[in-house]
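Here is the structure we will look at.
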Amino acid sequence: MPDEPLRLPDAPGDYGPTGRSPWMDVDWREHQRWVTVDGRQVNVVELGSGPPIVFIHGLSGSWQNWLEQLPVFAREHRVIALDLPGFGASEMPSQKISISGYGRLVDTLLDELGVGSAAVVGNSMGGFIGIELAIRFPERVERMVLVSAAGLSIEYLRNERALAVLNVTENRLAAYSGWLASRSDALARRPGARRLIFGIVAHRPERLPGPLVAEQVRGSGKPGFVPALDALTDYRIRDRLGEIACPTLIVWGAEDKLVPARDADEFARLIPNSRKVVWPETGHVAMLERPAAFNALLDAFLAEEPGERVGTQDAAGAA
């Protein structure tokens, strides 16, 4: 029946990848390109052909946040992932970092790549940017997936004392993150070190493969971190969520330490035509912690016909 939701398993399955992940057999240099946007070089990774999917990383992230998705979906889609300006290998933007500026950048980038509209998948700050894109440039976004998206709880964090602390610690934080990035391979080989360096975002980082964690940490220590964090707390989106017109899937981890799972409920309440899935024993990066379940869910969402709906689950897994 077309109105019957697609039923999901009671649990998200295995934690972390099982077996050898496809991304480990890709020569990523063949798929990397530089695209000039507003006079700055943006690092873009692109592979596959078919309906496009745009993946947007979060704060302190990089295109590698989507390693478990890119080669899988490239089998039937044109997949595009970028380093936001100020992160990964991309240059700092010409103007002050802002959520609205990042939204405009993605819009311009898609023009440069000859993409009219696409499915947009964003994690954390990347979800916030996806929301901005869907509101400001609705013709760009056919469907949207928000993975532990920022934009609600973080709006209450802005105060002068907090920003003063950020400004004082900016150089110290960048130096520490750079030290981690330079030693990512050696550190990620040890489960205890994985807990230390990735425990804030993953629920069980010691159970993730060392090479996968190393690729995540390698992108840290970039100059966009503190300006982007400031931008996250200085842009209100709540009152505009009702303007989102595209089907939206909200995916969260019940053990998210950075953005509380209650935000999934609020996004689902405020965004029309949206559904949510909250997985137990999962943190801030469900696409890395539960890659098989996440990929199956995303594939089902992209394949929906009008009138079909992927089901909603709470943290206990009940539909």
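Structure above, values below:
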read-out: Number of positions in the stretch 200-226 that are within 17 Å of the chain's Cα centre (by Cα) and modelled with pLDDT of 85 or more; value: 10
read-out: Per-region count, the stretch 268-286, residues buried (at least 23 other Cβ atoms within 10 Å of the Cβ) and assigned to a helix (DSSP H, G or I); value: 1
read-out: So R33, is it outside any strand (DSSP E or B), out of contact with any His (no Cβ under 6 Å at 6 or more places or on another chain), at pLDDT 95 or above and not small (G, A, S); value: no
read-out: The listed residue being among the hydrophobic types (A, V, I, L, M, F, W, C) and out of contact with any strand residue (DSSP E or B) (no Cβ under 7 Å at 6 or more places or on another chain), out of A268, A296; value: A296
read-out: Unique match (being surrounded by fewer than 16 Cβ atoms within 10 Å (Cβ to Cβ) and modelled with pLDDT of 95 or more) among S100, S153; value: S100
read-out: Neighbours by Cβ (under 7 Å, 6+ apart or cross-chain): first from the stretch 7-20, at pLDDT below 90; second aromatic (F, W, Y); value: P12/W279
read-out: Unique match (being under 17 Å from the mean Cα position of the chain (by Cα) and farther than 19 Å from V251 by Cα) among L113, L105, L109; value: L105
read-out: Any chance A293 is assigned to a loop (DSSP other than H, G, I, E, B), surrounded by fewer than 23 Cβ atoms within 10 Å (Cβ to Cβ) and hydrophobic (A, V, I, L, M, F, W, C); value: no
read-out: All positions within the stretch 79-92 that are in contact (Cβ under 8 Å) with a residue 60 or more places away in the chain, out of contact with any Phe, Trp or Tyr (no Cβ under 7 Å at 6 or more places or on another chain), buried (at least 18 other Cβ atoms within 10 Å of the Cβ) and on the phi < 0 side of the Ramachandran plot; value: P85, F87
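The values are calculated or read from the model by the stated rules, or taken from the named source; none is laboratory data. Keep in mind it's a predicted model, so treat the numbers as computed, not measured. With ideal geometry, Cβ positions are generated from the backbone for all residues, glycine too; neighbour counts draw on all protein chains shown.
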